[in-house]
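Let me begin by presenting the structure, written as structure tokens, before commenting on it.
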């Protein structure tokens, strides 16, 4: 693969990201050592945006894979396909990233089957190789290649968790929702709503997050706050916007909906 091939995966505009702690400097150090990195945190707290920002900051191509339970090893590494000329090998996203020196980001990796995630092991130790067994090729990772994975520990279960043999191949960064003032700034920047509206949305989110484990599996994410702000910026009534983006997606339980609707009414009567 040529440098030209890598260019199509580069992020050309700076993604908006506000550092919360020292995650930027820690990631830069990990990338300097080409260390595999695991990002752990709740849904919609900024893990994917952080990876995009770091890829831009480091000037590296980024290939993102949204993992799911139907994903096979072939979806990651590649497969033989039939075309008019016969059988042709097509690299998967992990193989492309290893060849061109991209950052490969496996989003919500815990969703993938464990027999699929095992294929990343040779890329995450001193070998830095990817065996393509079906093709009979051993791909040596480009010197700039790095593997990043993410998952939500809140959804861990005995059936859906990473093996220790996988976890202990990565350095890890913990992510959580930002502090209230930082989260308000994010909502203002991403949506264009005023400071007062952004602060009210964040306060609603904090009330919902306190209900996690007490009727809610997950709190209101920063992503959902941005959705609410975008609707409000489009002229939608704030209460209706909040019900549509902050309450209805979160739960179908009538009592919990009433509780969340009451929190919305407190700030947007």
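The values are calculated or read from the model by the stated rules, or taken from the named source; none is laboratory data. Worth saying up front: this structure is predicted, and the values here are computed from it rather than measured. Because the Cβ atoms are built from the backbone with ideal geometry, glycine has one as well, and the counts that use them run over all protein chains shown.
Quick check on region 156-168. Is at least one of its residues assigned by TED's automatic domain parsing to the domain that holds residue 121, surrounded by 14 or more Cβ atoms within 10 Å (Cβ to Cβ), touching a helix residue (DSSP H, G or I) at 6+ places or on another chain (Cβ under 8 Å) and not in a loop (DSSP other than H, G, I, E, B)? Yes, because at least one residue in region 156-168 is assigned by TED's automatic domain parsing to the domain that holds residue 121, surrounded by 14 or more Cβ atoms within 10 Å (Cβ to Cβ), touching a helix residue (DSSP H, G or I) at 6+ places or on another chain (Cβ under 8 Å) and not in a loop (DSSP other than H, G, I, E, B). Scanning region 111-128 turns up no residue that is without any contact (Cβ under 8 Å) to a residue 60 or more places away in the chain and part of a strand (DSSP E or B). When region 169-193 is filtered for residues that are outside any helix (DSSP H, G or I), over 18 Å from the mean Cα position of the chain (by Cα) and surrounded by 15 or more Cβ atoms within 10 Å (Cβ to Cβ), the ones remaining, listed by number, are 169, 193.
The sole residue among 174, 194, 261, 237 that is touching a strand residue (DSSP E or B) at 6+ places or on another chain (Cβ under 8 Å) and at pLDDT 95 or above is 174.
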